[in-house]
1. Explain nothing, just compute: Karplus ³J(HN,Hα) = 6.51 cos²θ - 1.76 cosθ + 1.60, θ = phi - 60°, for every residue of the range 32-49 in order, whole Hz, x for Gly and Pro.
2. Amide H to amide H under 5 Å from R81: which residues, 5+ apart in sequence or cross-chain, H placed 1.01 Å off N in plane?
3. Take every DSSP beta bridge whose two residues both sit in the chain, then give the antiparallel share in percent to the nearest 5.
4. Could you pull out every residue, at least 5 positions away or on a different chain, whose amide H is within less than 5 Å of the one on Y43? Hs are placed 1.01 Å off N in the peptide plane, and Pro or chain starts have none.
5. If neighbour count is taken as other Cβ atoms inside 10 Å, put L68, L12, L39 in order from fewest to most.
6. When the label point is put 7 Å from the Cα of I69 along its Cα-to-beta-carbon vector, which residues of the range 15-42 have a backbone N closer than 17 Å?
7. For the chain, list the cysteines whose Cβ sits under 4.7 Å from no other cysteine Cβ?
8. Long-range amide H contacts for A6: which residues qualify at under 5 Å (H placed 1.01 Å from N, peptide plane, sequence gap of 5 or more or a different chain)?
Amino acid sequence: MSAKKAYEIAVLANRCKECGLCISICPTKVLAVGSKPNLKGFYATVPKYPDKCIGCKLCEYICPDYVLIVKEDGGGKSIGRVIWNDEVDVYEG
């Protein structure tokens with residue numbers, strides 16, 4: 001039996017328009033609306049449950065503003081990052 005793959009989910013917060021497409025398409029419900037507004041006043045998506053990510057990249061493909069980046073993480077532990085202009089919020093699985 002092979003080990004579960006780990007993924008890094010990065011969200012470029014200030015690009016997010018809170019459309020919700022990524023949240024609705026995620027088959028494992030990794031994403032949620034965050035509690036912090038971006039520079040435009042929208043509440044950016046956050047990778048609330050990164051350990052549930054299966055790496056399908058549906059969220060990345062559907063996003064019209066290129067907000068999400070999903071990549072395999074060789075570290076063995078899934079992690080989510082919300083990248084703001086001057087800081088990074090980290091969500092661990």
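All of the numbers you see were taken from the coordinates with simple rules; none came from a lab. Predicted model, so just to flag it, every value in this text is computed and none were measured. Quick reminder, even Gly has a Cβ in these numbers, built from the backbone with ideal geometry, and neighbours come from all protein chains shown.
1. Karplus values, whole Hz, x for Gly and Pro: 8, 6, x, 10, 10, x, 8, 4, 8, x, 8, 8, 5, 4, 10, x, 5, 10.
2. I9, A10, V11, Y91
3. Working: 14 of 19 bridges.
So the antiparallel bridges in the chain amount to around 75 percent.
4. It is N38, by chain and number.
5. Details: L68 23, L12 18, L39 11.
Neighbour counts put them in this order, fewest first: L39, L12, L68.
6. 15-16
7. Cysteines of the chain left without a disulfide-compatible partner: C16, C19, C26, C53, C56, C63.
8. D73, G76
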